[in-house]
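Since the structure comes first, as structure tokens, the remarks are kept for the end.
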Amino acid sequence: MLKKRLIFSLLVSDGNFQLSRNFNLQKVGNLSWLYDCYNLDAITKSIDELVILNVSRNFEEDKASFLEVVSKLAKNCFIPISLGGGIRSLEDAFLYMGSGADKLVVGNILFKNPELVKELVSVFGGQSITAAVDFLRKGDDRIIQINNGKEVIDFKFEEGLSFVNSLGVGELLLTSIEKDGTGQGYDLEAYEIASKILTIPIVASGGVGKFIHLSESLKVPYISASNTANIFNFMVNGLIDARKSIEDSGTKLAHWNL
């Protein structure tokens with residue numbers, strides 16, 4: 001039985017780290033700020049994967065500064081790194097992979113250019129491609145949105161998930177826009193719906209505010225990993241404490257000997 005995973009995401013734009021709430025971004029600091037607030041060596045022993053996303057609204061112009069941040073973070077990082085944001089071609093994918101990525105995170109192209117997604121799967125293997133799907137709850141329904149939550153796709157929620165599942169990707173990072181940055185906990189009902197459609201692992205994302213949100217989600221059989229991007233809740237020793245809280249709740253996580 002595969003052990004559950006704890007994932008931490010960093011959002012980067014114009015060389016600065018961002019805090020997101022309902023997909024509205026707020027700059028919080030640069031790389032020096034991050035090193036002041038975090039013991040990055042300790043992070044490698046506290047999480048199972050680091051996700052770094054380029055959330056700039058001008059991907060092409062900001063690509064160089066994004067990759068500069070990535071290269072510095074990857075230098076002493078001994079856990080898997082996933083990179084995403086602005087992947088629009090096979091060339092972009094090779095650029096990200098060559099900058100320290102173990103996996104790629106793709107979002108808009110799932111629906112805008114699914115043939116490219118299939119090509120990435122063919123070249124790098126499905127296990128190296130994470131599909132990122134963002135959704136917003138509207139009453140009893142959920143709608144999938146792309147372009148930083150500004151564009152609604154034609155598929156219904158369940159149809160969209162089924163379509164993504166058919167592309168051969170290795171896992172699904174499913175993020176609630178409504179819950180994002182609120183600290184109110186995950187939309188667990190959405191993951192239950194997704195579990196009846198998907199044949200790939202599900203990563204819960206959007207809404208973590210307390211350690212219990214992580215430990216509760218990881219007890220759900222069909223959630224394979226829990227992701228948080230809440231910088232302020234997990235500064236200093238926060239991620240170390242979060243991992244201990246998860247393990248104290250009885251969930252088995254990988255142990256690192258670094």
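Observations on the model:
- Listed here are the helices (runs of 4 or more DSSP H) enclosed by region 1-116 that have at least 3 residues being under 17 Å from the mean Cα position of the chain (by Cα) and closer than 27 Å to L136 by Cβ, and there are none.
- Put simply, of I43, I7, I79 the only residue that is surrounded by fewer than 21 Cβ atoms within 10 Å (Cβ to Cβ), under 27 Å from K118 (Cα atoms), of a type in the set (A, V, I, L, M) and touching a residue at least 40 places away in the same chain (Cβ under 8 Å) is I79.
- Annotation: of all residues in region 130-152 being of a type in the set (V, I, T) and modelled with pLDDT under 95, the one that is surrounded by the most Cβ atoms within 10 Å (Cβ to Cβ) is I146.
- Residue within region 221-241 that is surrounded by 14 or more Cβ atoms within 10 Å (Cβ to Cβ), more than 25 Å from N39 (Cβ to Cβ) and polar (S, T, N, Q) present: yes
- Selected residue (only one of E171, E178, E115, E91 is within 19 Å of A225 (Cβ to Cβ) and out of contact with any helix residue (DSSP H, G or I) (no Cβ under 8 Å at 6 or more places or on another chain)): E171
- The set of residues in region 180-214 being hydrophobic (A, V, I, L, M, F, W, C) and closer than 28 Å to G126 by Cα consists of L188, A190, I193, A194, I197, L198, I200, I202, V203, A204, V208, L214.
- None of D92, D62, D48 is buried (at least 16 other Cβ atoms within 10 Å of the Cβ), modelled with pLDDT under 85 and closer than 26 Å to V169 by Cβ except D62.
- Some residue of region 139-149 being assigned to a loop (DSSP other than H, G, I, E, B), within 27 Å of E91 (Cα to Cα) and in contact with a Pro (Cβ under 9 Å, 6 or more places away or on another chain): no
- Condition check for V164: under 25 Å from I87 (Cα atoms), of a type in the set (A, V, I, L, M, F, W, C) and part of a helix (DSSP H, G or I): yes
- A64 without any contact (Cβ under 8 Å) to a residue 24 or more places away in the chain and more than 21 Å from A225 (Cβ to Cβ): yes
- Taken over region 154-183, the criterion of being hydrophobic (A, V, I, L, M, F, W, C) and touching a Leu at 6+ places or on another chain (Cβ under 9 Å) is satisfied by F155, L161, F163, V164, L167, V169, L172, L174, I177.
- Test: residue in region 179-186 that is farther than 27 Å from S215 by Cα and either of a type outside the set (G, A, S) or out of contact with any Pro (no Cβ under 9 Å at 6 or more places or on another chain) (or both): no
- Residue ID - surrounded by the fewest Cβ atoms within 10 Å (Cβ to Cβ), chosen from residues in region 153-191 that are in contact with a Ser or Thr (Cβ under 6 Å, 6 or more places away or on another chain) and hydroxyl-bearing (S, T, Y): Y186
The values are calculated or read from the model by the stated rules, or taken from the named source; none is laboratory data. Worth saying up front: this structure is predicted, and the values here are computed from it rather than measured. Ideal geometry is used to build each Cβ from the backbone, glycine not excepted, and the neighbour counts take in all protein chains shown.
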